[in-house]
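Working notes for the structure below.
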Amino acid sequence: MDIASYISGFVDGEGCFCVSFQPSRRHRFGWEVRPSFSVSQNAARAELLDVIRERWGCGFIRPDRSDRTLKFEVRNVRDLVEKVLPHFRANPLASSKQADVERFERICRLVFEGHHQTIEGFEEIVQTAMKVNPSGKRKYLGSDILNSLRSGERIVCATGNRGSNTKFRPARMA
């Protein structure tokens, strides 16, 4: 069996390439960038999650209480760049999700190389991230993140899900 192709096919159906943003007082522009890769399976058939973790030598498996599955997840940017993404270059996904993989890789490389610490790099990350998994839930809109950079305001807390019409509370940057 070609296990590498099998993994790609499995990820094509059950995987997620995600870039989230979290307000942070510790980070230069008031936002933490969090790229992550995950793939889920119900516990009765979770052997493949162990195979993936062993093959790549990174990540962790945890219960996902939202849907009662187990989730293999990689959040470490070095592991994403050096172990996970090379797999998908060598064994691309068959669906249009491959475009998300390529955008996700661009973001991971920008973060890995430190470009998230420049305004231009951070803006590129935000703009690219909003194109990854566009139908997914987002707590913050890209325009809100980018506008907070231009206005000199940092987002310190959210009052609700950004999918609704709730507002966030900005605070002046120091």
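For the range 129-140, indicate whether the set of residues that are within 14 Å of TRP31 (Cβ to Cβ), open to solvent by 60 Å² or more (accessible area, probe 1.4 Å) and out of contact with any strand residue (DSSP E or B) (no Cβ under 7 Å at 6 or more places or on another chain) is non-empty. Checked the range 129-140: no residue is within 14 Å of TRP31 (Cβ to Cβ), open to solvent by 60 Å² or more (accessible area, probe 1.4 Å) and out of contact with any strand residue (DSSP E or B) (no Cβ under 7 Å at 6 or more places or on another chain). Kindly indicate whether GLY9 is at positive phi, surrounded by 14 or more Cβ atoms within 10 Å (Cβ to Cβ), over 16 Å from the mean Cα position of the chain (by Cα) and touching a residue at least 12 places away in the same chain (Cβ under 8 Å). Considered against the rule, which asks whether it is at positive phi, surrounded by 14 or more Cβ atoms within 10 Å (Cβ to Cβ), over 16 Å from the mean Cα position of the chain (by Cα) and touching a residue at least 12 places away in the same chain (Cβ under 8 Å), GLY9 comes out as no.
Yes/no matrix, rows are residues, columns are (1) in a strand (DSSP E or B); (2) touching a residue at least 24 places away in the same chain (Cβ under 8 Å); (3) of a type in the set (Lys, Arg):
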{"position": "GLY13", "(1), (2), (3)": "no, no, no"}
{"position": "PHE17", "(1), (2), (3)": "yes, yes, no"}
{"position": "SER20", "(1), (2), (3)": "yes, yes, no"}
{"position": "ARG26", "(1), (2), (3)": "no, no, yes"}
{"position": "ARG34", "(1), (2), (3)": "yes, yes, yes"}
{"position": "GLU54", "(1), (2), (3)": "no, no, no"}
{"position": "CYS58", "(1), (2), (3)": "no, yes, no"}
{"position": "PRO63", "(1), (2), (3)": "yes, no, no"}
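Of all residues in the range 41-55, those being under 26 Å from ARG109 (Cβ atoms), surrounded by fewer than 19 Cβ atoms within 10 Å (Cβ to Cβ) and in contact with a helix residue (DSSP H, G or I) (Cβ under 8 Å, 6 or more places away or on another chain) number 1. The residue pairs whose first member lies in the range 74-96 and is among the hydroxyl-bearing types (Ser, Thr, Tyr), whose second member is open to solvent by less than 80 Å² (accessible area, probe 1.4 Å) and in a helix (DSSP H, G or I), and whose beta carbons are closer than 8 Å, counting only pairs six or more residues apart or on different chains, are SER95/ASP12.
What residue, among those in the range 92-105 that are of a type in the set (Gly, Ala, Ser) and modelled with pLDDT of 95 or more, is most open to solvent (accessible area, probe 1.4 Å)? Please lay out each step first, then the result.
Here is the first cut: in the range 92-105, the residues of a type in the set (Gly, Ala, Ser) are 94-96, 99.
Among the residues that remain, those that are also modelled with pLDDT of 95 or more are: 94-95, 99.
On the way: ALA94: 104, SER95: 49, ALA99: 38 Å².
Ranking the candidates gives ALA94 first.
Annotation: CYS108 fulfils all but one of (1) touching a residue at least 40 places away in the same chain (Cβ under 8 Å); (2) buried (at least 19 other Cβ atoms within 10 Å of the Cβ); (3) out of contact with any Pro (no Cβ under 6 Å at 6 or more places or on another chain); (4) assigned to a helix (DSSP H, G or I); the unmet one is (3). Restricting attention to the range 58-72, the residues that are more than 15 Å from SER40 (Cβ to Cβ) and either open to solvent by 50 Å² or more (accessible area, probe 1.4 Å) or among the β-branched types (Val, Ile, Thr) (or both) add up to 0.
Residues of the range 128-153 that are assigned to a helix (DSSP H, G or I) and farther than 12 Å from SER20 by Cα: SER143, ASP144, LEU146, ASN147, SER148, LEU149, ARG150, SER151. Residues considered: ARG75, ARG89. Of these, the only one that is charged (D, E, K, R), surrounded by 14 or more Cβ atoms within 10 Å (Cβ to Cβ), at pLDDT 95 or above and closer than 30 Å to ILE119 by Cβ is ARG75.
The values are calculated or read from the model by the stated rules, or taken from the named source; none is laboratory data. Predicted model, so just to flag it, every value in this text is computed and none were measured. Neighbour counts run over all protein chains shown; Cβ positions are idealised from the backbone, glycine included. Just so you know, the surface numbers come from the protein's heavy atoms only, side chains and all, with ligands and any DNA or RNA stripped out. Shrake-Rupley method; radii C 1.70, N 1.55, O 1.52, S 1.80 Å.
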